[in-house]
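Enquirer: Pasting a structure below so you can have a look.
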Amino acid sequence: MGIFRKTASVATLGLINFRSTHELLDREHERATQLERKATKLEAQSERLTRKAKRANKRAEKAELKALSESKKARRERRRSTKSSSSRLVRAADEAVVTSRRAKRKAKKAAKRAAKNTAKAAVVTRSQRKFSPTTSAES
């Protein structure tokens, strides 16, 4: 674009600007739209991670409640049992308690991981908004 302008710029050793204001504005507008697309994508990712963290928290809570329920059942069964701890029901209840504790730990770990990823995405989104060229062009 503007072969005369570019030739004059080279001939005058930069006295005349190489790019016109129209070209500069077009380039700036393109950069701004790219940054907006990127910010939108990051916001969507942040929302996705937030939902994932909520689901992980719900799973952790559910596992915790299940563990409490299973331990209550196990205690009740031990009390009711006339035999010693070799009873099949008591062993099954003990096994269920161990399994539910493991599920609780896994769910808590997943929730922690999802919360950490959400925080990272939020920081990236905020930093992208700080350096967007639309704010500097408006000032």
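Enquirer: Where a ≥ b ≥ c are the square roots of the eigenvalues of the C-alpha gyration tensor, would you call the range 1-56 rounded, which needs a/c under 1.5, or, failing that, prolate if a/b is larger than b/c, or oblate?
Expert: Prolate, since a/c reaches 1.5 and a/b exceeds b/c.
Enquirer: From the phi of every residue in the range 108-118, what ³J(HN,Hα) in whole Hz does the Karplus formula 6.51 cos²θ - 1.76 cosθ + 1.60 yield, where θ is phi - 60° and glycine or proline is x?
Expert: Ordered by residue, 3J(HN,Hα) equals 4, 5, 5, 5, 4, 4, 5, 5, 5, 5, 5 Hz.
Enquirer: In terms of Cα to Cα distance under 21 Å, which lysines are near enough to residue 73, apart from those fewer than 8 places away along the same chain?
Expert: 62, 83, 104
Enquirer: Net charge near residue 2, counting Lys/Arg +1 and Asp/Glu -1 over other residues with Cβ under 9 Å of its Cβ?
Expert: That works out to +2.
Enquirer: A 24 angstrom limit on the alpha carbon distance is what I want to check against. Which of 52/109; 58/106; 66/120 exceed it? Write out the running numbers ahead of the final one.
Expert: Numbers: 52/109 13 Å; 58/106 12 Å; 66/120 32 Å.
Checking Cα-Cα distances, 66/120 exceed 24 Å.
Laboratory data are not the source of any read-out in this text; all were calculated from the coordinates shown. Computed from a predicted structure; not experimentally measured. Glycine also receives a Cβ, built like all others from the backbone with ideal geometry; neighbour counts cover every protein chain displayed.
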